[in-house]
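Notes to accompany the following structure.
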Amino acid sequence: MAHSEFDDLVADMVLLRRDIHSHPELGFEEMRTAALIAARLRAAGIEVHEGVGGTGVVGVLRNGDSARSIGLRADMDALPVQEETGLPYASRHDGIFHGCGHDGHVAMLLGAALHLARTRRFNGTVNFIFQPAEEGLAGGRAMVEDGLFRRFPCDRVFALHNWPELPLGTVATCPGPIMAAADRFEIALVGRGGHAAMPYDTPDAIMAAGVLIAQLNSIISRDVNPTASAVLSITQVHGGHAHNVIPARVTLGGTVRSFDADVQHVIETRLREMVAGTAQSFGLDFEIHYDRYYPATINDEDAAAEVFSAAASIGADIASARPAFTSEDFAFMLQACKGAYIWLGQAGEGAGAPLHNPRFDFNDDALPIGVHLHVALVDAWLGFGYPT
Ligand SMILES: [Zn+2]
Ligand SMILES: [Zn+2]
């Protein structure tokens, strides 16, 4: 097979991916990664905007005279996890690790940018969006609030995430929700504390917590329509320090995941009612902190269809995604712009470790497929076939 410029580009991006893997950075601290991206974009003649939403970088590439535009997003941050892969290019920073493959996302999008800067086979504007702080710090929201789509208007926005559960190269998405909304709650049951031998004198926050745990676990089965789906998990219980003392305060913590705003509302409302009712019945006060931190990631129907036709155009296997209960801050971009979130299968021989596992590594064989898919999305939206 003839050696092509594309092969050289992919080889270059594999080296870059491994370099980023060796130098992972946590959310909003992606200084080195962002500088590296900006330098490579500039060298390819792409207009560069740094410091968008913190450490975010946007590259703008225009061609032809069409007013149409597309955004492609990659996340840049690593996780606070100790890597255990033993790879030659393993993390050089203790306790920080690209355990979600965002190093691969950067390399796939940068590869597409460099390829499009050279071939320029499109008519319109491509915005390459390199986002900080996806892992729980809402860098996507930071970019949107910093005027991302006002400064860089996009008719569509797409994001790829590697997906170890799918075979290498399989492209999966779906219309509607693909990732869940994530809420977290902390509940305090507050009494005054007293002697455990005299419970008739002291409201019992421990017993109330036990009752409340059982009640809260009934919300999904009793209050949520069974055709919808949602999760409520209580993950923390804290209270008490001595065998003969009824504690003054017990706290419960946990998470709620849902795909539909109405369901999310039902769950929060019932949780608040149950806490208030239980506290009252035990003679306790209460505090509730309920935080809806990531909305559901909801794909536009047309955009999802465009993903499938783009994937078909590069000969990729296609799968309909079954929505995942994990969450993703690309949700904030999809609230502001039509688009779709896409999973790119990366399981090789014997499959790899799951996302966020200390032995996870991005599969470099997925890299050229990701570059092709980005380019195919640009072609689907800004190709010469569309009237301008
Ligand atoms: Zn992750
Ligand atoms: Zn991720």
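Would you give the gap between the C-alpha center of the range 60-101 and the C-alpha center of the range 248-326, rounded to a whole Å?
25 Å
Name the shape class, rounded, prolate or oblate, that the alpha-carbon gyration tensor gives for the range 181-294, where a ≥ b ≥ c are the square roots of its eigenvalues, rounded holds for a/c under 1.5, and otherwise prolate holds if a/b is larger than b/c and oblate otherwise.
prolate
Within the P(r) computed for the chain, what percentage of the Cα pairs occupies the region above 33 Å?
The calculated P(r) of the chain puts 38 percent of pairs beyond 33 Å.
Once you've got the GNM for the chain with C-alpha springs shorter than 10 Å, pick whichever of Asn123, Asn363, Asn217 has the biggest mean-square fluctuation.
Of Asn123, Asn363, Asn217, the Gaussian network model singles out Asn217 as fluctuating most.
For the chain, set up a Gaussian network in which alpha carbons nearer than 10 Å are linked by springs, and say which option among Gly56, Gly239, Gly169 fluctuates the most.
Top of the fluctuation ranking is Gly239.
Restrict the search to the range 274-377; then list the GluC sites (Glu not before Pro) that DSSP places in a loop and that have at most 13 other Cβ atoms within 10 Å of their Cβ.
Glu349
Using a 1.4 Å probe and ignoring any ligands, DNA or RNA, find the accessible area of Ile318 and quote it in Å² to the nearest 10.
We get 80 Å² for Ile318.
What's the angle, to the nearest 10 degrees (0 to 90), between helix 261-281's Cα axis and the longest principal axis of the chain?
Helix 261-281 sits at roughly 20 degrees to that axis.
Among Val231, Ala242, Met207, whose Cα projects farthest towards the positive end of the dipole of the range 181-294, with charges put on the beta-carbon of Lys, Arg (+1) and Asp, Glu (-1)?
So the residue furthest toward the plus end is Ala242.
Do you know the relative contact order of the range 177-259, to the nearest whole percent, from alpha carbon pairs under 8 angstrom that are 6+ apart?
That works out to 47 percent.
Residues with amide H under 5 Å of Trp163's amide H, sequence separation 5 or more or different chain, H placed in the peptide plane at 1.01 Å from N; which?
For Trp163, the qualifying residues are Leu344, Gly345, Gln346.
Give the shape of the range 1-111 as rounded, prolate or oblate, defined through the alpha-carbon gyration tensor: a ≥ b ≥ c are the square roots of its eigenvalues, a/c under 1.5 means rounded, and otherwise the shape is prolate if a/b is larger than b/c and oblate if not.
Oblate, since a/c reaches 1.5 and b/c is not below a/b.
Which whole-Hz ³J(HN,Hα) couplings does the range 292-306 yield from phi under the Karplus relation 6.51 cos²θ - 1.76 cosθ + 1.60, θ = phi - 60°, glycine and proline marked x?
Karplus values, whole Hz, x for Gly and Pro: 8, 8, 10, x, 5, 8, 10, 7, 6, 4, 5, 5, 4, 5, 5.
Hey, what did the chain get for relative contact order, percent, Cα under 8 Å, at least 6 apart?
Relative contact order here is 24 percent.
Just to confirm a number: summing +1 for Lys and Arg and -1 for Asp and Glu over residues other than Asp302 whose beta-carbon lies under 9 angstrom from that of Asp302, what do you get?
-1
Using a 1.4 Å probe and ignoring any ligands, DNA or RNA, find the accessible area of Arg292 and quote it in Å² to the nearest 10.
For Arg292, the solvent-accessible surface is approximately 100 Å².
Springs between alpha-carbon atoms under 10 Å, Gaussian network over the chain: tell me which of Ala214, Ala276, Ala112 tops the mean-square fluctuations.
Sorting by GNM fluctuation, first place goes to Ala214.
Mind checking the per residue accessible area of the chain for me, 1.4 Å probe, whole number of Å²?
42 Å²
What's the extension gain from Asn244 to Glu273 if we count 0.36 nm per residue and subtract their Cα-Cα distance?
Gain in length upon complete extension: 7.3 nm.
Return the distance in nm (one decimal) between the two label points of a simple spin-label model at Ala197 and Asp317, each offset 7 Å from Cα along Cα→Cβ.
Going from the Ala197 label point to the Asp317 one covers 6.9 nm.
Would you mind counting up the charge near Ala188? Only other residues with Cβ under 11 Å from its Cβ, with Lys and Arg at +1 and Asp and Glu at -1.
For residues surrounding Ala188, the net value is -2.
Roll a 1.4 angstrom probe over the protein heavy atoms and tell me the percent of accessible area of the range 239-357 that is carbon or sulfur.
The computed percentage sits at 50.
The values are calculated or read from the model by the stated rules, or taken from the named source; none is laboratory data. Predicted model only: the values in this text are computed from it and were never measured. Because the Cβ atoms are built from the backbone with ideal geometry, glycine has one as well, and the counts that use them run over all protein chains shown. What goes into the accessible areas is simple: the full protein's heavy atoms, side chains included, and nothing from ligands, DNA or RNA. Shrake-Rupley method; radii C 1.70, N 1.55, O 1.52, S 1.80 Å.
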